[in-house]
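First comes the structure, then the notes that go with it.
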Amino acid sequence: MTVTTDGRVLTPQALWDAPAPVPGLKISLEFFPPRGAQAEARLWENVARLAAYAPDFVSVTYGAGGSTRDKTRDTVLRMRRDYGLAAAAHLTCVDASRADVMAVAEGYIADGIDHVVALRGDPPQGAGPYVPHPDGFPFAVDLVRALADLGRFEISVAAYPEVHPQAQSAGADLDNLKAKLDAGATRAITQYFFDPAVFLRFRDRAAAAGITRPILPGLMPVLGFQQIKRFSAACGAGIPDWMERLYDGADADEATHQAVSAMLLAEQARVLAAEGCADLHFYTLNKAELTISACHLLGIRPRAEVAAARAAG
């Protein structure tokens, strides 16, 4: 049983009663471009492991101010070429003219990249608050509209169950999401959250606002609890009190921390799947272990294991 921060009780089936795999469940994965030879080697090792779980698509982030533009493109192309993955490239508005942004988009088209995650983006660290480029796209909705006009892209956008930190209000934030979807976006992927009820309430509000496009819940593996607390304070993601208690003392022992994080991620995924979420998006942080743990408890197996099981029986 999971009791959420608003007192709602969510009771997915017990592990031994639940069907495996969850019928129709799809996963997608996010990675970021590596920096340095060691990080690159680890990335491809983990991509190879996760590719075996047949994600619906993967995405590759675009550094603040477009700082990893070429690396994003190269990573997406290799994921598609070497691992057969449907790969999406992030694209942002920050610190770039419309002409520059659309040149990147045209380059994606030339490379055969047909899925873009369109974002306003964040300015480089220390650059102060976001200010639109004088000749650029002011916000993500403007970028979505321009990409949709090309007629060549599947477009994903961001959603914020706990409200974007710079939004005027929750209502204005939801209006902005609807505007992006109405402008031509295919789906939304949420900022991460830890209480499943946060997403479920947001999903209800979105449906009431007339949003009919898919909204994928974004799930974040907790690699370090103190680190995720600091990051969450900056991006507006809440840390429930029960999560503080769950990790109390766990940072002192790596194995315990890993076990708690694997359990938490898997339980979040199982609750959401039980509540009818057919698509789950994992922010892998370029690591495979916790996402694989969640997949396993959802009944998702590597393709080699599935093929062997079918051959045996």
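A few comments on the model shown:
- Just one of the listed residues (Arg73, Arg49) is farther than 21 Å from Ala159 by Cα, open to solvent by 20 Å² or more (accessible area, probe 1.4 Å) and at pLDDT 95 or above, namely Arg49.
- Among the candidates Val131, Val104, Val94, the residue that is without any contact (Cβ under 8 Å) to a residue 24 or more places away in the chain and more than 17 Å from Ile215 (Cα to Cα) is uniquely Val131.
- Among the residues of the range 274-286, not a single one is surrounded by fewer than 16 Cβ atoms within 10 Å (Cβ to Cβ) and part of a helix (DSSP H, G or I).
- Residue check for Ala288: at pLDDT below 95 and not β-branched (Val, Ile, Thr): no
- Here is the figure for the range 84-102: residues that are within 15 Å of Glu30 (Cβ to Cβ) and either of a type in the set (D, E, K, R) or open to solvent by 20 Å² or more (accessible area, probe 1.4 Å) (or both) total 1.
- Only residues that are free of Cβ contacts under 8 Å to residues at least 60 places away in the same chain and either open to solvent by less than 30 Å² (accessible area, probe 1.4 Å) or among the hydroxyl-bearing types (Ser, Thr, Tyr) (or both) were counted across the range 35-46, and they come to 1.
Residues checked against (1) in contact with a strand residue (DSSP E or B) (Cβ under 8 Å, 6 or more places away or on another chain); (2) under 14 Å from Met220 (Cβ atoms); (3) hydroxyl-bearing (Ser, Thr, Tyr):
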residue: Glu267; (1), (2), (3): yes, yes, no
residue: Val271; (1), (2), (3): yes, no, no
residue: Leu285; (1), (2), (3): no, yes, no
residue: Leu290; (1), (2), (3): no, yes, no
residue: Ala294; (1), (2), (3): yes, yes, no
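- Those residues of the range 248-269 which are hydroxyl-bearing (Ser, Thr, Tyr) and open to solvent by 20 Å² or more (accessible area, probe 1.4 Å), in sequence order: Thr256
- Pick from the range 189-226, criterion open to solvent by 40 Å² or more (accessible area, probe 1.4 Å) and under 18 Å from the mean Cα position of the chain (by Cα), ranking: farthest from Leu280 (Cα to Cα): Leu223
- Checked against (1) modelled with pLDDT of 65 or more; (2) on the phi > 0 side of the Ramachandran plot, Gly7 passes all but a single condition, namely (1).
- Within the range 146-174, the set of residues being in a helix (DSSP H, G or I) and either of a type outside the set (Asp, Glu) or at pLDDT 95 or above (or both) comprises Ala146, Leu147, Ala148, Asp149, Leu150, Ala170, Gly171, Ala172, Leu174.
- Hits in the range 183-222 (condition: touching a Leu at 6+ places or on another chain (Cβ under 9 Å), in a helix (DSSP H, G or I) and of a type in the set (D, E, K, R)): Arg205
- For the range 290-303, taking the residues that are under 17 Å from Val58 (Cβ atoms) and part of a helix (DSSP H, G or I), the one that is farthest from the chain's Cα centre (by Cα) is identified as Arg303.
- Qualifying positions in the range 103-118 - buried (at least 18 other Cβ atoms within 10 Å of the Cβ) and not in a loop (DSSP other than H, G, I, E, B): Val104, Ala105, Tyr108, His115, Val116, Val117, Ala118
- Annotation note: of Pro138, Pro129, the sole residue that is in a loop (DSSP other than H, G, I, E, B) and open to solvent by 70 Å² or more (accessible area, probe 1.4 Å) is Pro129.
- When restricted to residues that are under 23 Å from Phe31 (Cα atoms), among the charged types (D, E, K, R) and touching a helix residue (DSSP H, G or I) at 6+ places or on another chain (Cβ under 8 Å), the range 196-231 contains 0.
- Taken over the range 227-247, the residue count meeting the criterion of being assigned to a loop (DSSP other than H, G, I, E, B) and open to solvent by 40 Å² or more (accessible area, probe 1.4 Å) is 1.
The values are calculated or read from the model by the stated rules, or taken from the named source; none is laboratory data. None of these values were measured; they are calculated from a predicted model. Methodologically, a virtual Cβ is constructed for each residue, glycine included, from the backbone with ideal geometry; neighbour enumeration extends over all protein chains shown. These accessible areas exclude ligands, DNA and RNA; they are computed on the full protein's heavy atoms, side chains included. Shrake-Rupley method; radii C 1.70, N 1.55, O 1.52, S 1.80 Å.
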